[in-house]
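Read the figures in this text as sums done on the coordinates, not as results from a lab. Source: prediction; values computed, not measured. Neighbour counts are summed over all protein chains in view; Cβ atoms, including those assigned to glycine, are modelled from backbone coordinates with ideal geometry.
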Amino acid sequence: MNAESIRKLFDQVRRGKLTPDDAVDRLRHLPFEDLGFAKVDHHRALRAGMPEVILGERKTPSHVAEIFARLAKHGGNILATRANEKQFAAVKKKVRGVEYRELARAIVLQRDERNYGKGMIAVVSAGTSDIPVAEEAVATAEVMGNDVQHFYDVGVAGIHRLLANREAHNIRRSCWSAPGL
């Protein structure tokens, strides 16, 4: 739940489309909802400007699915990181429109496509073995409403592999901080 969804809720009450009691029921889980095995923070987007992220690692598929479904009821984008295909299958049974980004090991529900960032985020990885972690960073930044570009396998053995990307994708020269560039 974010500021915009609360405004919409208040507007529905004002226009008589929702009773005050129904609105209170929808707000009942602020700031969190206790599921017994997890406390789901529905208030984080309001406090921090970005929603809670589910860490899938070491959670059962049913736990990830339940947390994901509870967050989905409140709107906005949802991300589960370090997730596996069994967790995705469980989430997909409860929530429509989810996607699994296998390389990133991320379950994503992106309903809000707006850009909230103040520029481009460049995700740069040295070698190909770093790509899964970089893809997780890309998925996270995108779900949080940022424009993202990635540069993979730029290398650590020679700066020439990094500099080859200097002018790519309209990245401003000022963002490159290496001396003498």
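What are the GluC sites (Glu not before Pro) within the range 24-97 that DSSP puts in a loop, where the Cβ has at most 15 other Cβ atoms within 10 Å? Don't skip to the end; give the middle numbers.
Details: sites: E33, E52, E57, E66, E85; in loops: E52, E57.
Loop-located and lightly packed - E57.
For the range 99-126 and the range 43-59, what is the centre-to-centre distance using only Cα atoms, to the nearest Å?
With the range 99-126 and the range 43-59 each reduced to a Cα centre, they are spaced 15 Å.
Taking K and R as +1 and D and E as -1, what net charge do the other residues with C-beta under 12 Å from the C-beta of R114 add up to?
-4
Out of the range 94-146, which trypsin sites (Lys or Arg not before Pro) are coil in DSSP terms and have no more than 14 other C-beta atoms within 10 Å?
Here the trypsin sites (Lys or Arg not before Pro) that fit, given the DSSP loop and packing criteria, are R96, R111, R114, K118.
Determine, for V123, V148, the number of other Cβ atoms within 10 Å of each Cβ, and report the residues in order from fewest to most.
Result, fewest neighbours first: V148, V123.
Rounded, prolate or oblate: which fits the range 28-112, taking a ≥ b ≥ c as square roots of the Cα gyration tensor eigenvalues, rounded meaning a/c under 1.5, else prolate when a/b beats b/c?
Details: a/c = 1.72, a/b = 1.38, b/c = 1.25.
Cα axes put the range 28-112 in the prolate bin.
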